[in-house]
Amino acid sequence: MQRGTFQLMKSVNKSIILNKIRTSEPISRAQIAKETSLTPPTVSSIVKELIDQGLVRESMLGSSSGGRKPTLLHINTNAFYVIGLDAGPESVKCILTDLTGEILERTDSQLATPLTNEEFIKILKNNIHTILKQSIIDPEKIIGIGVAMHGVVDVEKGMSLIAPILNLRNIPIKDELAKEFHLTVRVENDARAMALGESWFGGHGNADSMVAVNIGRGVGAGVVLNGKLYHGAQGIAGELGHMMIDLNGEICECGNPGCLQTFVSGTAIEKRAEKHLKEKVTGKEIFEYAQKGNQAYIELLKETGKIIGIGLTNLVHLVNPSKIVLGGGVMKSERFIIPAILETIQQRVLSTEARKTEVTVTKLGDDATLYGAVSLLLVELFDPVNNIG
Ligand SMILES: [Zn+2]
């Protein structure tokens, strides 16, 4: 049935209505017609189809000024389920959610290198099998598996091309998982998946352009334009971590000098602490010292914020997004970092209007990437523009 669902969603009007219900539920047929400019008969007949398919359900909770209460429509959250995986570099996490992203089951495993492609695939499969065993839902209702994969991904082939920290190449994730579970499988780079998840679940309304930046062990980003991930001509759009900001800077893992990542990733901050403060500390300790009021560490984090602000200023000049959302381990120190970011953008961005670009920290926390994995399937179900067949 999985593929059937996607086929049925290939009607634009149908997914407009489905998405309207998702974002505005509970909502009446009349209200949908009003807000989508579709005619009431079109809305009625499509809603009937969606109810027959089990995607939408009715309730009688509407209010009216006398007479019959209008019937309201909701997404039937238990109609279908999605499996999401956050894969690498340090662990594999797996969840099962309903259509609203409510997490019903979860499991995870640590990754130890060295690792072969076969071993890596086996860990992914084991996690999914564990989830399926734990869960009491009907497996027929699972519409697919979304994988947010560390490193460079070929989205069309569903293949991990380079997983640098795991030291693996050319892992046929989609083929292997589809063969094992007979489900639709989507694979995307983890930072990009996170960006999509942020636009889907992050409560940002209809932001037409958004960039989500993950600052952790590395720096990754995803650009979402009109609800769709932007990959660029060769699939490397959004590689913000490798934006070069110092011609004579330290050599990055990519081989170029002075990438943003060599200044602001978790490891880069630890290195700066060692160099300037002559102390060997973990990122977590840096945050704790700053919180206790240690001025040297507060300054270190402020400086980090300033450098991130320079990277984001470049980003604003290039993409001019309506919103920038930050996530990842480094942002746990947001209290010390965010003011410096905002100040830098305020000082450096060219136009007064763009200086007000909204910069926030994700509310999805450590699960942001997992929600991203799940959203890879949901965008296809709810929006045919994203349907890659
Ligand atoms: Zn680099």
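The values are calculated or read from the model by the stated rules, or taken from the named source; none is laboratory data. Computed from a prediction, not measured in an experiment: that's the story for all the values here. In this analysis, Cβ positions are derived from the backbone assuming ideal geometry, glycine residues included, and neighbour counts consider all displayed protein chains.
Screening the candidates L38, L55 for the property of being under 15 Å from L381 (Cα atoms) and not assigned by TED's automatic domain parsing to the domain that holds N214 yields one hit, L55.
This table checks each residue for (1) in contact (Cβ under 8 Å) with a residue 60 or more places away in the chain; (2) part of a strand (DSSP E or B); (3) not assigned by TED's automatic domain parsing to the domain that holds G328.
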site	(1), (2), (3)
D86	yes, yes, yes
I95	yes, yes, yes
G101	yes, no, yes
L104	no, yes, yes
S109	no, yes, yes
I123	no, no, yes
I143	yes, yes, yes
A148	yes, yes, yes
E188	yes, yes, yes
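In this structure, is K332 among the basic types (K, R) and either touching a helix residue (DSSP H, G or I) at 6+ places or on another chain (Cβ under 7 Å) or more than 16 Å from A212 (Cβ to Cβ) (or both)? Yes. A count restricted to the range 69-79 and to residues that are at pLDDT below 90 and crowded, with 24+ Cβ neighbours inside 10 Å stands at 0.
Filtering V224, V211 for residues that are buried (at least 18 other Cβ atoms within 10 Å of the Cβ), more than 16 Å from the ligand (Cβ to nearest atom) and without any contact (Cβ under 8 Å) to a residue 60 or more places away in the chain leaves a single hit, V224. Just to be sure before I move on: is G255 within 16 Å of the ligand (Cβ to nearest atom), part of a helix (DSSP H, G or I) and not β-branched (V, I, T) in the structure I sent? Judged against the criteria, G255 is not a match.
Criterion applied to V316, V281, V325 was being away from the ligand (no atom under 16 Å from the Cβ), β-branched (V, I, T), surrounded by 15 or more Cβ atoms within 10 Å (Cβ to Cβ) and part of a helix (DSSP H, G or I), and the one residue passing it is V316.
To keep it simple, each residue is scored yes or no on (1) farther than 19 Å from T362 by Cβ; (2) in a strand (DSSP E or B); (3) basic (K, R).
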| position | (1), (2), (3) |
| --- | --- |
| K157 | yes, no, yes |
| R169 | yes, yes, yes |
| R192 | no, no, yes |
| W200 | no, no, no |
| R217 | no, no, yes |
| G220 | no, yes, no |
| G241 | no, no, no |
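hydroxyl-bearing (S, T, Y), assigned to a helix (DSSP H, G or I) and surrounded by fewer than 22 Cβ atoms within 10 Å (Cβ to Cβ): does that describe T267? Criteria met by T267. Counting only residues that are within 16 Å of the ligand (Cβ to nearest atom) and among the aliphatic types (A, V, I, L, M), which one in the range 284-313 is nearest to V330 (Cα to Cα)? This residue is I308.
Looking only at the range 178-188, decide whether some residue is among the hydroxyl-bearing types (S, T, Y), touching a Ser or Thr at 6+ places or on another chain (Cβ under 6 Å) and away from the ligand (no atom under 16 Å from the Cβ). Checked against the condition, which is being among the hydroxyl-bearing types (S, T, Y), touching a Ser or Thr at 6+ places or on another chain (Cβ under 6 Å) and away from the ligand (no atom under 16 Å from the Cβ), the range 178-188 yields no hits at all. Report yes if G232 is assigned to a strand (DSSP E or B) and more than 30 Å from K20 (Cβ to Cβ), otherwise no. The answer is no for G232. The single condition among (1) within 16 Å of the ligand (Cβ to nearest atom); (2) assigned to a loop (DSSP other than H, G, I, E, B); (3) touching a helix residue (DSSP H, G or I) at 6+ places or on another chain (Cβ under 9 Å) that N248 does not meet is (3).
Close contacts from the range 251-280, counting a first residue that is on the phi > 0 side of the Ramachandran plot and a second that is more than 9 Å from the ligand (Cβ to nearest atom) and of a type outside the set (F, W, Y), with Cβ to Cβ under 8 Å and a gap of 6+ residues or different chains, come to G258/I245; G258/D246; G258/L247; G258/N248; G258/G249; G258/E250.
When the residues of the range 166-182 are filtered to those that are over 16 Å from H129 (Cβ atoms) and of a type outside the set (D, E, K, R), which remaining residue is surrounded by the most Cβ atoms within 10 Å (Cβ to Cβ)? Only one residue fits best here, namely I171.
Among the residues here, E334 qualifies as acidic (D, E), in the same structural domain as T352 (by TED's automatic domain parsing), surrounded by 14 or more Cβ atoms within 10 Å (Cβ to Cβ) and part of a helix (DSSP H, G or I). Does any residue of the range 80-97 turn out to be in contact with a His (Cβ under 7 Å, 6 or more places away or on another chain) and at pLDDT below 90? Yes: the range 80-97 contains one or more residues that are in contact with a His (Cβ under 7 Å, 6 or more places away or on another chain) and at pLDDT below 90.
Of all positions in the range 347-364, at least one carries a residue that is touching an Asp or Glu at 6+ places or on another chain (Cβ under 7 Å) and surrounded by fewer than 18 Cβ atoms within 10 Å (Cβ to Cβ).
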